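Worksheet for the structure shown next.
The values are calculated or read from the model by the stated rules, or taken from the named source; none is laboratory data. Every value quoted in this text rests on a predicted model; they were computed, and no experiment measured them. Every residue, glycine among them, receives a Cβ derived from its backbone with ideal geometry; neighbour counts consider all protein chains shown.
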Amino acid sequence: MSSPANDHRDGPRDECGVFGIYAPDQDVARLTYFALFALQHRGQESAGIATAPRGGDILTIRDQGLVPQVFNDHMLSSLAGDLAIGHVRYSTTGSSAWENAQPIYRADRRTIALAHNGNLINAVELHAELRGRDVPFSSTSDSEIIAALLATHPAERIEDAVADVLPRLRGAFSTVVMTEDSVVAFRDPQGVRPLSLGVIEQDGVGPVYCVASETCAFDIVGARFLRDVAPGEVVTLNDEGVQSRIIEDRARRAFCVFEYIYFARPDSRMGGQRLQVSRARMGEILWREAPVEADVVIPIPDSGNAAARGLARAAGLPQDDGFIKNRYVGRTFIQPGQQLRRLGVRLKFNPLPEVVAGKRLVVVDDSIVRGNTTRQNMRMLREAGAAEIHLRISSPPIKHPCHYGIDMSTYEEMIAHGRTVEEIAAELGVDSLHYLSLEGVYEAVGGERGSHCDACFSGQYPLEGSEEANGKFALERALPLAGVQRLP
Ligand code: SF4
């Protein structure tokens, strides 16, 4: 895993995306492949698909890399079946090595494949309990703990095993699990990470149901969004259609407010809204909160695009492309190293002097975690001749780690931790800086304080014990002690 110091990405790292479908006699592997392709933004380190013919064996293919790098036509043809689940991953707990790619396959008391988005905050305790029962592990991911609890559970039906295990899990978990004859999807009782239910309707064929982290995965496979899987709900897809059970219904909901700002694709719908629309609204509010005399609005592509559009509209200012982005810089890209960095290698963004020279710029982005790339970008704008730079960020300052599946786990990584906005502006070399207020975020998404998780901004964790747990590092430390072997 690259360190913050040499990582060209400045935003929080995405988490994972999951998909599941029950569609007898259809090409479930290809449907899952396309759904994962739509969810690629949620995880670029590994991808995997598990399929099974009804009553037959589960077959899993997973590997490190992007979805089109992992699968070819031949592989998809070999994954014949009637039901399937899929996963794209950015590691949040566990290392990024192959053994942590998902779906996880386990053959204990029952055979299952499982794909998980989120992070358990009681992983260490559950892991110790399972090790006490001599349950073996082959990965360092907390997802395998959920898989082990379900695969070793004595209940005859998988949905009963889920109903029993769900209340024992603490943290964020939007999960899909498959046996030889059912796909079961479940979500933590506070609904931290997204999970939605969709249907494919075709003439002459009964409805086909699927679940996905985001609705953009439904669009690509021709499914219609039905509803969100409710917090604490277990949804079973099988020969009988869709069945639902609410296992836990907590008053305090904690859907991640950062999904609206940054993680999810702008064409996905969450909380009844198209995210492109909510993000433009954030831009409008950002302008209302901090107007400034300026000539042109410049987004940091693509993360700032929607908010910049809203801000420019509200300000009555023109919007232009101040940066051209190289879209092919991925996580596996060779880093330029210190010497080339000093020479000012413009790896990802290149400014357009014709747009920015002599202008008073309002530069818009959606978030800043470390600030390294932002600082570099602001310097490039100055070198390209910008007269003034007024930076506007469509989220509040990130000051606290996330314990629910987003990789921004240490205070040292955060430029806003322990600094005032004025100090951050000086650090970044801008003339003025304004972050959208938390009230502004809630106004844009149509919620109110206490209705979502906003802990990385507010420090108020919706789940007790989150700060002590810090699942990522605790689990990483605990597993080697518990005798887990890591593959080379
Ligand atoms: S801490 Fe932040 S990123 Fe993590 S779930 Fe809460 S709002 Fe989302």
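For region 426-468, how many residues meet the condition of being within 15 Å of the ligand (Cβ to nearest atom), hydrophobic (A, V, I, L, M, F, W, C) and assigned to a helix (DSSP H, G or I)?
Going through region 426-468 one residue at a time, the tally reaches 7.
Taking G405 as meeting all but one of (1) surrounded by fewer than 24 Cβ atoms within 10 Å (Cβ to Cβ); (2) small (G, A, S); (3) touching a Gly at 6+ places or on another chain (Cβ under 6 Å); (4) modelled with pLDDT under 95, write down the number of the exception.
(1)
Of all residues in region 371-389 being surrounded by fewer than 23 Cβ atoms within 10 Å (Cβ to Cβ) and in a loop (DSSP other than H, G, I, E, B), which is nearest to the chain's Cα centre (by Cα)?
This residue is G371.
Looking only at region 25-38, which residues are farther than 14 Å from C216 by Cβ, modelled with pLDDT of 95 or more and out of contact with any strand residue (DSSP E or B) (no Cβ under 8 Å at 6 or more places or on another chain)?
D27, R30 - these are the residues of region 25-38 that are farther than 14 Å from C216 by Cβ, modelled with pLDDT of 95 or more and out of contact with any strand residue (DSSP E or B) (no Cβ under 8 Å at 6 or more places or on another chain).
Going residue by residue through region 122-133, is there one that turns out to be in contact (Cβ under 8 Å) with a residue 24 or more places away in the chain, within 18 Å of D407 (Cα to Cα) and crowded, with 24+ Cβ neighbours inside 10 Å?
yes
Scan the strands (runs of 3 or more DSSP E) fully inside region 51-150 and keep the ones with 3 or more residues being under 19 Å from V211 (Cα atoms).
Numbers: elements: 59-64, 83-89, 104-107, 111-120.
In region 51-150, the matching strands (runs of 3 or more DSSP E) lie at 83-89, 111-120.
Identify, by number, the condition in (1) buried (at least 22 other Cβ atoms within 10 Å of the Cβ); (2) more than 25 Å from E383 (Cβ to Cβ); (3) touching a Pro at 6+ places or on another chain (Cβ under 9 Å) that R274 doesn't meet.
(1)
Within the bounds of region 153-165, is there any residue that is without any contact (Cβ under 8 Å) to a residue 12 or more places away in the chain and either among the polar types (S, T, N, Q) or touching a helix residue (DSSP H, G or I) at 6+ places or on another chain (Cβ under 7 Å) (or both)?
The answer is yes; a qualifying residue exists.
Could you check how many residues of region 446-464 are within 14 Å of M270 (Cβ to Cβ) and either surrounded by 24 or more Cβ atoms within 10 Å (Cβ to Cβ) or polar (S, T, N, Q) (or both)?
The qualifying residues number 3.
Would you please list the contacts, defined by Cβ atoms under 6 Å and residues six or more apart or on different chains, that run from a residue in region 442-465 that is on the phi > 0 side of the Ramachandran plot and outside the structural domain of D366 (by TED's automatic domain parsing) to a residue that is part of a loop (DSSP other than H, G, I, E, B) and within 12 Å of the ligand (Cβ to nearest atom)?
So the pair list comes out as G459/H400.
Determine whether V199 is of a type in the set (A, V, I, L, M, F, W, C) and touching a residue at least 24 places away in the same chain (Cβ under 8 Å). Write out each step before concluding.
Details: of a type in the set (A, V, I, L, M, F, W, C): yes; touching a residue at least 24 places away in the same chain (Cβ under 8 Å): yes.
Criteria met by V199.
Which of the residues that make up region 203-216 are assigned to a loop (DSSP other than H, G, I, E, B) and either hydroxyl-bearing (S, T, Y) or within 21 Å of L166 (Cα to Cα) (or both)?
Hits for region 203-216 are S213, T215.
Yes or no: F263 at pLDDT 95 or above, within 16 Å of the ligand (Cβ to nearest atom) and among the hydrophobic types (A, V, I, L, M, F, W, C)?
Against the criterion (at pLDDT 95 or above, within 16 Å of the ligand (Cβ to nearest atom) and among the hydrophobic types (A, V, I, L, M, F, W, C)), F263 does not qualify.
Which residue out of R419, R392 is away from the ligand (no atom under 12 Å from the Cβ), buried (at least 22 other Cβ atoms within 10 Å of the Cβ) and assigned by TED's automatic domain parsing to the domain that holds V369?
Of R419, R392, the one residue that is away from the ligand (no atom under 12 Å from the Cβ), buried (at least 22 other Cβ atoms within 10 Å of the Cβ) and assigned by TED's automatic domain parsing to the domain that holds V369 is R392.
Can you go through L475, L463, L481 and tell me which one is farther than 29 Å from G371 by Cβ and at pLDDT below 95?
L481
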